[in-house]
Amino acid sequence: MEQHIEKAREIESSVNKKYIEIREEAAREISLAKTDTDLSPEGRRKKAQKLREKYALKTIEFAKEIKKEFQSEVSKAQAESEKLLKKEAKKPNDENLRQFESQLNDLKTRLMLSTDPGKSEKQLAQFVDGIKDEPYFAGRLKEEFSSVINPILSSAPDSQSTLKLKKSLDNTFDYINNQSLSHEQREAKEINELSKQLYESKLFSPVALTNAEELFGKEFTGYLNDPDSLPEDVVIDAETGRMGV
């Protein structure tokens, strides 16, 4: 997983350097075309136009290719992390499992009989502390959590107390949810969330976009971070940089 994120980062960091190389080549050739004394003014204009279109196409193809490579690595990281997150926790031996289920049932009974929500919440917290770093047991408690906390909420004396308890128990549930994952799965979860954020990253920096705008015009530049949306039959005016279909 990590290697795909690292590769995606490498691709992202290379974009602007590679683009500048294309832009400098384009600017150089277009400048030569505009000052070509072997051509008439109209001939120079047409040559510059063809070069501008050539490098616009080269730039957009580069944008498509680099985005595809980047998203491919991000997708691989996401797929591998999701596969790991679906992996079931290792089941403990029968004796430990029997002991846990007995303790869980005892907790449910104590909470059901309690009339003090504060005391009940502390009992739950103690039980949660006892299964720290035990993904399978945390997963079981997660499955039973709604039935476990129902009597705690039911014993709250008023709506304000209920709201306070809900916020506290929500934090407890988040903790249990995290504990239900192995160390490896917690890392996978972070990578999974990161990959979702990275997938639609804008690979061209504001500086690169400004450079592109000077050469190809503002309209064209708007497509660099979304190259697949550029119409295929676009024409770029050599003098104004405006786009037309």
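Quick note: the coordinates plus some simple rules give every number you see, no bench work behind them. Keep in mind it's a predicted model, so treat the numbers as computed, not measured. Every residue, glycine among them, receives a Cβ derived from its backbone with ideal geometry; neighbour counts consider all protein chains shown.
Angle of helix 2-34 to the longest C-alpha principal axis of the chain, folded into 0 to 90 degrees and rounded to 10: 20°. Is the range 94-181 rounded, prolate or oblate when judged by the Cα gyration tensor, a ≥ b ≥ c being the square roots of its eigenvalues, rounded requiring a/c under 1.5 and prolate requiring a/b larger than b/c? Judged from the Cα gyration tensor, the range 94-181 comes out oblate (a/c at least 1.5, b/c at or above a/b).
Backbone geometry of the range 168-177 corresponds, through the Karplus equation with coefficients 6.51, -1.76 and 1.60 at θ = phi - 60°, to 3J(HN,Hα) couplings of 5, 5, 5, 5, 5, 5, 4, 5, 5, 4 Hz, x marking Gly and Pro.
Each part gets one Cα centre, and for the range 83-122 versus the range 154-187 those centres are 14 Å apart. Which of [x] 98, 43, 25; [y] 78, 50, 25; [z] 78, 47, 33 is the computed Cα extents along the principal axes in Å for the structure on display? Label [x] holds the value from this structure.
For the range 94-181, a crude dipole built from +1 on the beta carbon of Lys and Arg and -1 on the beta carbon of Asp and Glu, taken about the Cα centre, is about 320 debye to the nearest 20. In the chain, the calculated helix contribution to ellipticity at 222 nm averages -26000 deg cm²/dmol per residue, counting -39,500 (n - 2.57) for every DSSP H run with n ≥ 4. Assuming charge only on the beta carbon of Lys and Arg (+1) and of Asp and Glu (-1), the dipole of the range 43-90 about its Cα centre is about 640 debye to the nearest 20.
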